[in-house]
Amino acid sequence: MQSRRRFIIQSTQAAAALTMIPDLIQAQGVTGIPSDEIGYTQTPLVYTYASLEPSIDAMTMEIHYTKHAAAYTKNMTDALTAEKVDASKKSIAELMSEISKYSTKMRNNAGGHYNHEFFWKSLRAPRAFNMPPDNLMKAFKESFGSFDVFQTQFTDAAKSRFGSGWAWLVGENGKLKVGSTPNQDNPLMDLSDLKGLPLLGLDVWEHAYYLKYQNRRADYISSFWSIVNWDQVAARFINC
Ligand code: MN3
């Protein structure tokens, strides 16, 4: 019964994938897991602006990537110069781990740069039955009791973050937990209350959803589940 249901799900995914072949080739390569490396420059998206529709509309993606995220990258670059950081000798994760030593401009913009690069790499074209692979599903059961409980907690974290910020799934020693950060802070920052290896993040700034969803943040959050790249999240989980 289990294997039959799995076969039906996989067949449905395969059928859906067939209709999206051009996007998939451009977007996902063959493995389904795009490079997860984050440096100090904005990397090209591995999918088109329209690839995430209907969850995220093309215009939001274009403005978000070319204006908002690009501005964080530029302002971070200015701050790196002004504060004499040799980016060739320091990974962005290291910079985050000592961010309290730098200016607010660095905190906001290096955080913004990292968070957006991480976000783009966490997404893929929508899937009807978008569930985590077995190793990650097992971790959800161990840490939260069930995948549903995790989704509820993550949704609550994203809905209840007042103003602008991010909801996160993080890993620490094989355990998973959920939380949120204000503004452009993230769980790698030494001054963050929520700490751990980021596995999944959701941008809940209004610029991330306002054109399509206006004030309906909850609808944006629920539509997010169909575009999570769980293979990418599972690959990150192996490192925690
Ligand atoms: Mn944003």
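The values are calculated or read from the model by the stated rules, or taken from the named source; none is laboratory data. Bear in mind the structure is a predicted one, so any value in this text is a computation, not a measurement. Note: ideal-geometry Cβ built from the backbone for every residue, glycine included; neighbour counts use all protein chains shown. Protein only, heavy atoms only, side chains kept; ligands, DNA and RNA dropped before computing areas. Shrake-Rupley method; radii C 1.70, N 1.55, O 1.52, S 1.80 Å.
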Considering only residues of the range 118-143 that are among the aromatic types (F, W, Y) and open to solvent by less than 30 Å² (accessible area, probe 1.4 Å), which is nearest to V204 (Cα to Cα)? F119
Within the range 76-85, of all residues that are open to solvent by 20 Å² or more (accessible area, probe 1.4 Å) and either of a type in the set (S, T, Y) or within 16 Å of the ligand (Cβ to nearest atom) (or both), the one farthest from S164 (Cα to Cα) is T81
For the range 77-110, which residues satisfy the criterion of being in contact with a helix residue (DSSP H, G or I) (Cβ under 7 Å, 6 or more places away or on another chain) and among the small types (G, A, S)? A79, A87, S103, A110
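For (1) within 12 Å of the chain's Cα centre (by Cα); (2) more than 16 Å from the ligand (Cβ to nearest atom); (3) in contact (Cβ under 8 Å) with a residue 24 or more places away in the chain, each residue gets a yes or a no:
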residue	(1), (2), (3)
W120	yes, no, yes
A125	no, yes, yes
N130	no, yes, yes
P133	no, yes, yes
F140	no, yes, yes
S143	no, yes, yes
S146	no, yes, no
F150	no, yes, yes
Looking at A158 and the list (1) more than 15 Å from the chain's Cα centre (by Cα); (2) within 16 Å of the ligand (Cβ to nearest atom), which single condition is not satisfied? (1)
Pick out the one residue from E172, E117 that is charged (D, E, K, R) and in contact with a Lys or Arg (Cβ under 8 Å, 6 or more places away or on another chain). E172
Filter pass, N115 being within 14 Å of the ligand (Cβ to nearest atom), open to solvent by less than 70 Å² (accessible area, probe 1.4 Å), under 19 Å from I56 (Cβ atoms) and in a helix (DSSP H, G or I): yes
I need the helices (runs of 4 or more DSSP H) fully contained in the range 1-111, keeping only those with at least 1 residues that are within 22 Å of V204 (Cβ to Cβ), at pLDDT 95 or above and among the aromatic types (F, W, Y). 70-82
Examine the range 181-200 for a residue that is closer than 18 Å to S143 by Cα and within 16 Å of the ligand (Cβ to nearest atom), and state whether such a residue exists. yes
Name the residues in the range 201-220 that are open to solvent by 10 Å² or more (accessible area, probe 1.4 Å) and either more than 16 Å from the ligand (Cβ to nearest atom) or assigned to a helix (DSSP H, G or I) (or both), would you? E206, H207, Y210, L211, K212, Y213, Q214, N215, R216, R217, A218, D219
Pairs where the first residue, in the range 86-111, is open to solvent by less than 50 Å² (accessible area, probe 1.4 Å) and the second is part of a helix (DSSP H, G or I) and among the aromatic types (F, W, Y), C-beta under 9 Å, 6+ apart: I92/Y114; A93/Y114; L95/Y114; M96/Y114; N109/Y72; A110/Y72; G111/Y72
What single numbered condition from (1) in contact with a strand residue (DSSP E or B) (Cβ under 6 Å, 6 or more places away or on another chain); (2) more than 24 Å from I99 (Cβ to Cβ) fails to hold for R217? (1)
